[in-house]
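A.B. asks: Encoded as structure tokens, here's the structure I'll be asking about.
Nothing in this text is a laboratory measurement; each read-out follows from the coordinates by a stated rule. The structure presented is a predicted model; accordingly, all values stated were derived computationally and were not measured. Positions of Cβ are backbone-derived with ideal geometry, glycine not excepted, and every protein chain shown enters the neighbour counts.
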Amino acid sequence: MRVLAIARNTFREAVRDRVVHLLFVFSLVLIAGSRVLSPLALGEGEKIVKDLGLSLIGLFGVLLVVFIGSSTSFSRNRFAAGNSSSASSPG
């Protein structure tokens, strides 16, 4: 149950990030570009679309993991720094 809650919150946080939306739009543009370039491949248009699509899935998967991981670690470090400074302040 706890793992499901963590996964749900991580997904919601990732969807709110602008970088994820930009990567999604950029991937759609590149896939549409592969459809435009496929007639130039002289009979191999379907293969071009498949190859580019599969390679873009891998590329954008890696980029997505890097951006989500860095933003999550940044927010955790910011949260931890805020809690440690307030807990150690004299009062």
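A.B. asks: For region 2-69, compute Rh as the Kirkwood radius over C-alpha pairs and then the Stokes-Einstein diffusion coefficient at 25 °C and 0.890 mPa s; write the answer in µm²/s, rounded to an integer.
C.D. replies: Values: Rh = 13.6 Å.
Rounded to a whole number, D works out at 180 µm²/s.
A.B. asks: If packing is taken as the mean number of other Cβ atoms within 10 Å per residue, what is the order of 14-21, 36-43, highest first?
C.D. replies: Numbers: 14-21: 12.6, 36-43: 10.2.
Highest mean packing first, the order is 14-21, 36-43.
A.B. asks: Moving to a separate point now. Multiply the residue gap between Val15 and Leu63 by 0.36 nm, knock off their C-alpha separation, and tell me the result in nm, one decimal place.
C.D. replies: Numbers: separation 48, 0.36 × 48 = 17.28 nm, distance 1.45 nm.
Going from the current span to full extension adds 15.8 nm.
A.B. asks: May I ask you to compute the full-extension gain from Arg35 to Val3, defined as 0.36 nm times their residue separation minus their alpha-carbon distance, rounded to one decimal in nm? Don't skip to the end; give the middle numbers.
C.D. replies: Working: separation 32, 0.36 × 32 = 11.52 nm, distance 3.97 nm.
Roughly 7.5 nm would be gained on extension.
A.B. asks: Oh, and also: Projecting each Cα onto the charge dipole of region 2-69 (Lys/Arg +1, Asp/Glu -1 at the beta carbon, about the Cα centre), which of Val29, Thr10, Val66 comes out farthest on the positive side?
C.D. replies: Going by the charge dipole, the pick is Thr10.
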